[in-house]
1. Check off (1) part of a loop (DSSP other than H, G, I, E, B); (2) under 23 Å from residue 257 (Cα atoms); (3) not hydrophobic (A, V, I, L, M, F, W, C) for residue 50 and give me the number that stays unchecked.
2. Here are some conditions: (1) touching a residue at least 24 places away in the same chain (Cβ under 8 Å); (2) surrounded by fewer than 19 Cβ atoms within 10 Å (Cβ to Cβ); (3) in a helix (DSSP H, G or I); (4) over 16 Å from the mean Cα position of the chain (by Cα). Residue 107 meets all but one. Which one does it not meet?
3. Step by step: first the residues of the stretch 167-193, then only those that are among the hydroxyl-bearing types (Ser, Thr, Tyr) and in contact with a helix residue (DSSP H, G or I) (Cβ under 8 Å, 6 or more places away or on another chain), then the one that is nearest to residue 292 (Cα to Cα). Which residue is that?
4. Considering 145, 152, 112, 182, which residue is charged (D, E, K, R), under 20 Å from residue 246 (Cα atoms) and either at pLDDT 95 or above or buried (at least 18 other Cβ atoms within 10 Å of the Cβ) (or both)?
5. Which one of these is out of contact with any Pro (no Cβ under 9 Å at 6 or more places or on another chain), basic (Lys, Arg), surrounded by 17 or more Cβ atoms within 10 Å (Cβ to Cβ) and within 22 Å of residue 270 (Cβ to Cβ): 206, 163?
6. Could you please find all residues in the stretch 199-222 being within 21 Å of residue 274 (Cβ to Cβ) and in contact with a strand residue (DSSP E or B) (Cβ under 9 Å, 6 or more places away or on another chain)?
7. How many residues, within the stretch 42-56, are surrounded by 12 or more Cβ atoms within 10 Å (Cβ to Cβ) and over 13 Å from residue 106 (Cα atoms)?
8. In the stretch 253-283, what residues are touching a Gly at 6+ places or on another chain (Cβ under 8 Å) and under 17 Å from residue 66 (Cα atoms)?
Amino acid sequence: MKRRDFIQQTTAATALLGLGTLSLQSCNTKRKHITILHTNDVHSHIDPFGPNDKRNANKGGVARRATLVENIRKENPNTILLDAGDIFQGTPYFNYYGGELEFKLMSMLNYDLATIGNHDFDNGIDGLYAQLPHAKFEFVSANYDFSNTVMDTHVKPYKVLVKDGVRIGVFGLGIQLEGLVDKKMYKETVYNNPIEIAQDMSRILKEDEACDLVICLSHIGYYYEKHPDRVCDLSLAKATKDIDLIIGGHTHTFLPKPTISKNSIGKNVLVNQVGAYGLYLGKIDFYFEQGKPLYSDGTTIIV
């Protein structure tokens, strides 16, 4: 894809916010630039939508996403690629290959990390486990306890990535499976309260792991209008103090730009989700100086 076409397909809306007390004027040649790319709820959509589709004609497709990711990585080598779950279920590719194709293609795109969504149990936890050899990336989930399952040791609560000396801590959260997924599909997987886990994980990443940027890779949903008391990304942001960015999934919420929320001590938290089916690619740029965040810039790119 040509740069001109790429720019034309980038959503005009941009989130620009100050982090801490530093201003744009404090930038100098020591500034570091980290790009976060993300998807969610792709649901086995490998091919683009056809030209006659009423809602999403000629959008999506893994090949187009690969081109976008490649171009962005050329512009900034300090780029990471994340997925917020529900990789499986939605097209015959999953019914036939059981997730093998999805994991192989994500590996070819060099995803860094993914978390686990409820539909990733649709072939059972044994079916998920059977596809792990095809995933050349890691899974993070802090509130699912897999101790008594085949997934034990194969999912980490968090991972620290380092780009240009910037330490990026990423932890995962999953939605409550009881009542949503048949017990026989997830077996002895134990669900723990995501807010309590997030408070612990973000503290560990910020203090013990000395991360400059803390990201929650969430599959708990952006917000539930009919159930405002249900745990969601927005309530998670308000209840914690060490998270810088929440990348969400599950509710298929399309945000043209990240939501700016306030955490428990009044600081800004970015919350983002980019719909579903691989129609969009989230892109968030963080800028740092001497290990401290200066500002961020978020866009949603049409695939």
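1. (2)
2. The one condition residue 107 does not meet is (4).
3. Taking the candidates together, the pick is 189.
4. 112
5. So the residue among 206, 163 that is out of contact with any Pro (no Cβ under 9 Å at 6 or more places or on another chain), basic (Lys, Arg), surrounded by 17 or more Cβ atoms within 10 Å (Cβ to Cβ) and within 22 Å of residue 270 (Cβ to Cβ) is 206.
6. So the first thing to find is which residues in the stretch 199-222 are within 21 Å of residue 274 (Cβ to Cβ), and the list is 213-222.
Of everything in the stretch 199-222, those that are within 21 Å of residue 274 (Cβ to Cβ) and in contact with a strand residue (DSSP E or B) (Cβ under 9 Å, 6 or more places away or on another chain) turn out to be 213, 214, 215, 216, 217, 218, 219, 220, 222.
7. In the first step, residues of the stretch 42-56 are kept if they are surrounded by 12 or more Cβ atoms within 10 Å (Cβ to Cβ); the result is 42-49, 53, 56.
Right, trim to over 13 Å from residue 106 (Cα atoms) and you get 47-49, 53, 56.
Total satisfying the criteria: 5.
8. If the condition is that a residue be touching a Gly at 6+ places or on another chain (Cβ under 8 Å) and under 17 Å from residue 66 (Cα atoms), then 274, 277, 278, 279, 282, 283 are the ones that fit.
The values are calculated or read from the model by the stated rules, or taken from the named source; none is laboratory data. Keep in mind that what you see is a predicted model, and the values were worked out from it rather than measured. We place every Cβ from the backbone using ideal geometry, glycine too, and count neighbours over all the protein chains shown.
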